[in-house]
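Read the structure below first, then the notes.
FYI, it's all coordinate maths here, none of it is from the lab. Predicted model, so just to flag it, every value in this text is computed and none were measured. Every residue, glycine among them, receives a Cβ derived from its backbone with ideal geometry; neighbour counts consider all protein chains shown.
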Amino acid sequence: MVNFARLGQVPAILLMLAFIAKRLLYGLVVVFGVTVAVFFIFHVLPGNPEDSLGDRPNREEERERLRVAYHLDQPLPVQLALYLNDLSLLSVHDNTPANAQKYAYQPVFGWGSKVLVFKAPYLGRSFRTNVDVRQTIANDLLGTFCLAVSAMILATLLGVSWGLLAALNQGRFWDHTALTLSVVGISAPAFITAIFIQVLLGYYLGEWTRLPLQGSLFERDISGVLQVHPERLVLPALTLAIRPLAIVTQITRNSMIDVLAQDFIRTARAKGSPRRSIILRHALKNAINPVLTTITGWLASLMAGAFFVEYVFSYHGLGYDTIVAVRAQDFPFVMGATITVAVFFVAINLVVDVLYAWIDPRVQLQ
Amino acid sequence: MPNERADHLLEVNNLTIEFGSQRSANGPSKPVVAVDQVSFKISKGETLGVVGESGSGKSITALSLLGLVPAPGRVASGEILYNSPMLGEVDLLQLTENELRVLRGGEIAIIFQDPMTSLNPVFTCGEQLVEALQLHNPRMTSGDAKKRALELLSKVKLPRPEQILNTYPHALSGGQKQRVMIAMALSCNPSLLIADEPTTALDVTVQHCIIQLLQELREEIDTAILFISHDLGIIAEVADRVLVMYNGKIVEQGPVWDLFANPQHPYTKGLLACRPRLDVKLKVLPTVSDFMDADAGGEVIEIVGNKFRSVGEAITKNYQTSAEVKARYEKLIAQTPIVTVRDLHVHFPLGHNFFGRPKGIVKAVDGVTFDIYPGETLGLVGESGCGKSTLGRALLQLAHPTAGSIIFHDYDLCKVSTQQMRRFRRDIQIIFQDPYSSLNPRMTIGEAIVEPMRFHQIGHNERERRDMAMQLLETVNLSQVHFSRYPHEFSGGQRQRICIARTLALQPKFIVCDESVSALDVSVQAQVLNLLNRLKEKYQLTYVFISHDLSVVKFLADRILVMQNGQIIESGAAEDIYENPVHEYTRTLIRSIPKGSMEDIRRAMLRRKKLQPPRRKALVGG
């Protein structure tokens with residue numbers, strides 16, 4: 001009865017907005033934590049960013065230039081503060097034309113040589129390619145996004161249907177088959193399945209499937225026009241989908257079996273509801289929450305980079321470029337990629353929580 | 001009676017329901033017979049009460065009428081002839097799933113035991129009602145269905161029906177949910193309404209309202225009711241005729257008056273005798289086993305020449321006179337209290353805001369003051385949510401008091417250190433409600449009893465502790481051979497006795513019994529209550545007995561505290577509270593208890609006769 005009164009007073013939409021605002025604030029804390037942690041981890045790792053220069057001519061000069069440009073000559077805490085200042089939407093900079101061009105900022109308030117500005121987060125330029133990290137990440141994200149989303153759509157459609165099939169035939173042939181296959185799917189390591197699928201479908205059966213062994217979804221041709229190659233998406237998406245597919249199948253199955261044993265299912269039967277309505281309306285809507293958690297959790301982590309799969313299939317996405325960057329000790333890119341991934345995690349989790357409340361009225365947004 | 005057949009709505013003949021197969025060590029597997037050759041009839045407009053304890057097969061029988069026997073159960077043989085207004089006379093067991101679906105919820109509706117779990121949490125009450133309506137009236141528009149749903153909700157006397165239409169079940173109280181269930185069951189004017197323990201999960205005052213509602217609706221819509229309950233008191237109030245089921249068989253059936261006035265079967269006699277009574281205080285509760293015994297094959301054997309020859313004798317031979325009760329009470333309160341509770345508060349925060357401050361406070365226990373005297377049983381009664389369990393836990397420091405003091409042996413338990421409290425735990429013990437979840441399934445019974453002894457260094461060595469545990473098992477009427485068995489091998493009543501043995505292992509002075517018999521069947525409950533009384537005398541224990549069941553408390557307690565909204569609203573000697581309740585709430589509580597006395601049955605029958613159409617007068621008889 002308490003709920004009655006309280007819901008009556010505050011409109012649901014306001015509760016929802018307050019919840020979103022609060023979660024965004026928490027999200028900011030998470031992203032900050034990740035940034036600081038990765039910053040220090042990167043610096044305790046052996047090796048030196050300057051080594052990424054390799055054996056370029058006038059190496060010493062380049063080194064010196066990098067040191068100054070990236071403040072590598074400063075103590076770590078100062079470097080961190082400067083990095084965070086670059087990252088922040090509101091930041092303080094020397095008011096010089098060079099800075100104005102570098103950060104593309106909107107001055108808010110100036111004093112002396114300093115100015116408080118409003119700007120987009122600045123992630124620096126890659127040590128390796130000297131391209132603005134934001135630009136590379138933006139290019140990568142589209143490829144990774146297409147890959148992750150198509151893998152998850154595949155995993156969800158197949159996983160939920162197989163899970164339903166298994167739950168409705170509990171203890172019988174289809175149930176055992178689905179369970180056995182999903183155990184295989186969960187336990188097979190990604191690098192094995194990636195190579196297996198690549199060799200089997202792309203090479204031995206390549207004549208028949210006509211699918212390429214490697215390549216990116218988006219590629220600029222010689223004239224600089226962006227080309228889309230949808231056929232290059234198939235094998236990596238299939239490989240990526242295997243493990244989430246196995247897990248979604250199991251979660252759907254278990255959740256459905258739980259829900260089908262509940263009292264309200266018996267009520268629905270006693271009402272005279274047809275079987276189809278009992279399964280799809282009464283049961284599935286109740287069983288879907290854990291499935292949703294799994295799906296979105298996987299989507300987030302696939303966005304974080306399907307490192308192996310992208311690497312094996314030479315699919316240029318966030319994962320591929322991050323591996324290259326880590327090997328090259330390309331600090332700005334690694335930091336930028338990590339922060340992007342953290343932001344994705346926060347955003348997807350927020351969407352999931354709102355979805356929960358929408359599906360299950362018992363979930364209270366707090 | 002002329003034209004008897006046409007008057008029958010339902011006729012069940014030799015119904016047998018089996019469950020899976022019990023694996024035996026050698027030889028072919030044998031299915032468990034849950035319902036064994038059951039035959040009964042229900043006439044139009046009649047209310048048939050079915051009484052039995054858990055496992056008697058009463059719910060399964062009801063579910064079989066709708067073809068809803070859960071797997072691995074199956075109807076092995078028999079017929080269920082149903083006189084359908086739509087299909088004519090049919091055997092429900094021969095119908096196809098689609099034909100059955102037309103009857104389910106349409107002509108035969110059911111109300112389940114637990115309203116908390118029986119409504120789908122992700123649809124509003126309105127959506128669920130409209131679904132039921134549209135399933136059986138395909139031509140009904142959504143607008144009409146909504147209008148009808150609104151009507152139904154006001155018919156079951158829900159306040160603000162428009163609002164409830166758009167409310168999800170979790171926002172309603174248990175009683176309100178059960179009203180929605182009833183509205184749903186009545187939505188298509190069923191000819192037969194099955195009510196499977198519809199009030200068991202509800203508080204006694206709510207139960208009273210629901211029973212009244214069902215009575216009124218019955219007159220209004222002229223439906224036959226199959227009313228299943230374990231509580232003879234409720235059956236006495238609602239039923240025209242009664243079936244008594246035991247171990248899958250019907251052991252006795254007849255008009256309600258005859259059955260209560262002159263029970264024939266020993267099991268019925270036992271059931272009637274073992275209910276704690278409100279009128280007189282008994283020394284020992286009669287139990288079913290005083291009247292009957294079962295042989296290895298499950299056949300009932302009446303005990304001849306037993307302690308009590310009849311229900312009446314069972315009562316007249318062992319009640320306590322009011323002088324005895326009074327003398328005992330005065331002797332008790334002349335002592336110095338063993339526990340003194342002063343102005344105790346237990347508050348719980350209600351969610352936290354961003355800075356970790358509580359948004360609101362639930363005052364579970366809100367300033368209570370009382371004493372507990374050595375050797376007494378203090379009854380603590382109230383409805384769910386009144387704070388009685390929290391108070392019980394606070395006495396053991398399992399819930400942490402916000403303010404106030406609990407003085408035990410000159411120490412304030414609210415202020416002592418954790419180490420000191422650990423020492424006191426030996427003296428203050430608790431027996432929980434659910435004997436199924438309060439024993440660790442991976443620990444043998446012996447281990448469960450010995451473990452706390454080891455911890456509190458009772459007994460000099462393992463051997464001595466083992467012997468003590470064996471003795472305790474015998475004290476609670478179990479056997480030494482049970483020592484190395486696991487909990488799943490025992491029934492609910494046995495487990496609760498194991499829990500009692502574990503509690504006694506520490507030789508406590510003071511035991512809190514938190515709804516300790518609520519999960520048990522009434523015949524088992526009587527045994528456990530007798531055991532508790534016997535142990536109290538033997539070990540000079542002091543009990544705080546927490547229960548929602550006033551008749552149980554009345555039997556056991558010397559003094560009673562009545563709680564409402566975290567406060568004690570009335571306290572005093574048990575007899576006084578029942579005879580002269582002062583507070584209005586106490587009066588309501590006592591009035592709501594279904595008593596099942598002959599006087600009540602007669603009154604209920606007269607009331608029904610007055611309201612009923614003449615056709616049914618013959619059924620009630622007299």
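Could you name the lysines in cross-link range of B:Lys609, using Cα to Cα under 18 Å and dropping any fewer than eight places away on the same chain?
Correct list for B:Lys609: B:Lys44, B:Lys617.
Which net charge results for the neighbourhood of A:Leu141, defined as the other residues with beta-carbon distances under 15 angstrom from its beta-carbon, given Lys and Arg at +1 and Asp and Glu at -1?
Details: positive: A:Arg134; negative: A:Asp132, A:Asp140, A:Glu310, A:Asp321.
Charge balance near A:Leu141 sits at -3.
Which whole-angstrom value gives the distance between the alpha carbon centres of region B:261-277 and region B:513-536?
18 Å
Straight-line reach from B:Lys283: which aspartates and glutamates have Cα under 13 Å away, leaving out those fewer than 8 places along the same chain?
B:Glu324, B:Glu537, B:Asp558
From the phi of every residue in region B:410-416, what ³J(HN,Hα) in whole Hz does the Karplus formula 6.51 cos²θ - 1.76 cosθ + 1.60 yield, where θ is phi - 60° and glycine or proline is x?
6, 10, 8, 4, 6, 10, 5
Defining a contact as two alpha carbons under 8 Å apart and six or more residues distant in sequence, what relative contact order in percent does region A:133-328 show? Please list the in-between numbers first.
Numbers: 252 pairs, mean separation 64.6, N = 196.
Normalised by residue count, the contact order of region A:133-328 is 33 percent.
Would you mind ranking A:Leu168, B:Leu350 by Cβ crowding within 10 Å, fewest neighbours first?
In order of increasing Cβ crowding within 10 Å: B:Leu350, A:Leu168.
Could you work out the mean count of beta carbons from other protein chains within 10 Å of each residue's beta carbon in A:255-268?
Details: counts 0, 0, 0, 0, 1, 0, 1, 4, 9, 10, 2, 8, 14, 10.
Per residue, the number of nearby Cβ atoms from other chains is 4 on average.
Less than 16 Å apart at the alpha-carbon level, and either on another chain or at least 8 residues along: which aspartates and glutamates does that give for B:Lys30?
Straight-distance partners of B:Lys30: B:Glu18.
Which links in A:Lys285/B:Lys363; A:Lys285/B:Lys177; B:Lys177/B:Lys595; A:Lys119/B:Lys359 stretch past 31 Å when you go from one Cα to the other?
Details: A:Lys285/B:Lys363 36 Å; A:Lys285/B:Lys177 21 Å; B:Lys177/B:Lys595 25 Å; A:Lys119/B:Lys359 38 Å.
Over 31 Å Cα-Cα: A:Lys285/B:Lys363; A:Lys119/B:Lys359.
Among A:241-249, B:447-455, B:39-47, A:224-232, what's the highest-first ranking by average C-beta atoms within 10 angstrom per residue? Provide the component values of the computation, followed by the final result.
Numbers: A:241-249: 24.7, B:447-455: 18.1, B:39-47: 20.1, A:224-232: 11.4.
Result, highest mean Cβ count within 10 Å first: A:241-249, B:39-47, B:447-455, A:224-232.
If you average the alpha carbon positions of region A:16-35 and of region B:355-420, how far apart do those two centres end up, in angstrom?
Comparing the Cα centres of region A:16-35 and region B:355-420, I get a distance of 39 Å.
Debye calculation, C-alpha points only, no solvent: report log10 I(q)/I(0) for region B:471-622 at q = 0.11, 0.12, 0.17 Å⁻¹, in the same order as the q values.
Debye intensities relative to I(0), on a log10 scale: -0.61, -0.69, -1.02.
Please label the shape of region A:133-328 as rounded, prolate or oblate, based on the square roots a ≥ b ≥ c of the eigenvalues of the alpha-carbon gyration tensor (a/c under 1.5 means rounded; beyond that, a/b larger than b/c means prolate, else oblate). Before the final figure, lay out the partial values.
Working: a/c = 2.64, a/b = 2.11, b/c = 1.25.
Prolate is the answer for region A:133-328, as a/c is 1.5 or above and a/b outweighs b/c.
Could the peptides B:188-200, A:200-212 be put in order, highest first, of the mean number of other beta-carbon atoms found within 10 Å of their residues?
Per-residue mean Cβ counts within 10 Å order the peptides as B:188-200, A:200-212.
Please report, in Å, the Rg and the Dmax of the protein assembly as shown, where both are computed over Cα atoms only.
36.1, 118
What average number of partner chain Cβ atoms lie no more than 10 Å from the Cβ of the residues making up A:269-281?
Details: counts 9, 17, 17, 17, 6, 4, 3, 0, 2, 0, 0, 0, 5.
The mean count of partner-chain Cβ atoms within 10 Å per residue comes to 6.
Pick out, from B:Val362, B:Met605, B:Thr321, the residue whose Cα sits farthest towards the positive end of the charge dipole of chain B, with +1 on the Cβ of Lys and Arg and -1 on the Cβ of Asp and Glu.
Highest projection toward the positive end goes to B:Val362.
What distance in nm separates the simple spin-label points at B:Gln471 and B:Arg607, each placed 7 Å from Cα in the Cβ direction?
Those two pseudo-labels are separated by 5.4 nm.
Long-range amide H contacts for B:Gln564: which residues qualify at under 5 Å (H placed 1.01 Å from N, peptide plane, sequence gap of 5 or more or a different chain)?
Counting only residues 5 or more places away or on other chains, the set is B:Ile569.
When DSSP assigns beta bridges and you keep just the ones with both residues in chain B, what percent turn out antiparallel, to the nearest 5?
For chain B, the DSSP antiparallel bridge percentage is about 60.
Might you report the magnitude of the Cβ-based charge dipole of chain B about its Cα centre, with Lys and Arg at +1 and Asp and Glu at -1, to the nearest 20 debye?
Working: 70 positive and 69 negative charges, 218 e Å.
It comes to approximately 1040 debye.
Let me know the whole percent of all Cα-Cα pairs from region B:450-545 that are separated by more than 17 Å. Provide the component values of the computation, followed by the final result.
On the way: 2329 of 4560 pairs.
Value for region B:450-545 (Cα pairs over 17 Å): 51 percent.
HN-Hα J couplings of region A:286-292 from phi, Karplus 6.51/-1.76/1.60, θ = phi - 60°, integer Hz, Gly and Pro as x?
Karplus-based 3J(HN,Hα) across region A:286-292 equals 6, 8, 7, 4, x, 5, 4 Hz.
Counting helices only, and only those DSSP H runs with n ≥ 4, report the 222 nm mean residue ellipticity of chain B as the sum of -39,500 (n - 2.57) divided by its residues, in deg cm²/dmol to the nearest 500. If you can, show how the numbers build up before the last one.
Numbers: 25 runs with 236 residues, N = 622.
Calculated at 222 nm, the ellipticity per residue is -11000 deg cm²/dmol.
Let me spell out the model: positive unit charges on the Cβ of Lys and Arg, negative unit charges on the Cβ of Asp and Glu, origin at the Cα centre of region B:345-483. What dipole size does that give, in debye rounded to 20? Display every interim value, and only then the final one.
Numbers: 15 positive and 14 negative charges, 124 e Å.
The calculation lands at about 600 debye.
Can you grab the distance from the C-alpha centre of region A:80-157 to the C-alpha centre of region B:470-503, Å, no decimals?
Going from one Cα centre to the other spans 70 Å.
Order these peptides, B:419-425, B:466-472, by their mean beta-carbon neighbour count within 10 angstrom, highest first.
Working: B:419-425: 13.4, B:466-472: 17.1.
Output ranking for B:419-425, B:466-472: B:466-472, B:419-425.
Looking only at other chains, what is the average number of their beta-carbon atoms within 10 angstrom of each beta-carbon in B:95-101?
On the way: counts 0, 0, 2, 3, 0, 2, 6.
Per residue, the number of nearby Cβ atoms from other chains is 2 on average.
Over 30 Å between C-alpha atoms is what I'm after, so list which of A:Lys271/B:Lys58; A:Lys271/B:Lys157; A:Lys22/B:Lys157 land there.
On the way: A:Lys271/B:Lys58 20 Å; A:Lys271/B:Lys157 22 Å; A:Lys22/B:Lys157 41 Å.
Beyond 30 Å between Cα atoms: A:Lys22/B:Lys157.
Output needed for chain B: three equivalent-ellipsoid semi-axes, defined as square roots of 5 times the C-alpha gyration tensor eigenvalues, in descending order, whole Å.
Working: eigenvalues 378, 182, 129 Å².
Here the semi-axes work out to 43, 30, 25 Å.
Can you work out the PRE-style zone for A:Phe196? Point 7 Å along Cα to Cβ, and I want the residues of region A:122-156 with backbone N under 20 Å.
Flagged as within label range: A:151-152, A:154-156.
Each residue of region B:86-101 in order: what ³J(HN,Hα) in whole Hz does its phi give by Karplus 6.51 cos²θ - 1.76 cosθ + 1.60, θ = phi - 60°, with x for Gly and Pro?
Listing the rounded values in order: 8, 9, x, 6, 10, 8, 4, 6, 9, 6, 6, 4, 5, 5, 4, 4 Hz.
So what is the relative contact order for chain B, in percent, with contacts set as C-alpha pairs under 8 Å and at least six apart?
Numbers: 1146 pairs, mean separation 85.8, N = 622.
Worked out over chain B, it gives 14 percent.
Could you pull the Rg and Dmax for chain A, using just the Cα atoms, both in Å?
Final numbers for Rg and Dmax: 25.4, 84 Å.
So what is Rg over Rh here for region A:121-197, counting just Cα atoms and using Kirkwood for Rh?
1.24
Label-point separation (nm) for A:Leu213 and A:Gln170, each offset 7 Å from Cα along Cα-to-Cβ?
Placing both labels 7 Å beyond Cα along the Cβ direction yields 4.8 nm.
Please work out the FRET efficiency for the pair B:Ser39 and B:Asp144, using the Cβ-Cβ distance as r and a Förster radius of 35 Å; give the result to the nearest 0.05. Mind dumping the intermediate values first?
Numbers: r = 42 Å, r/R0 = 1.19.
Once the sixth-power term is evaluated, E becomes 0.25.
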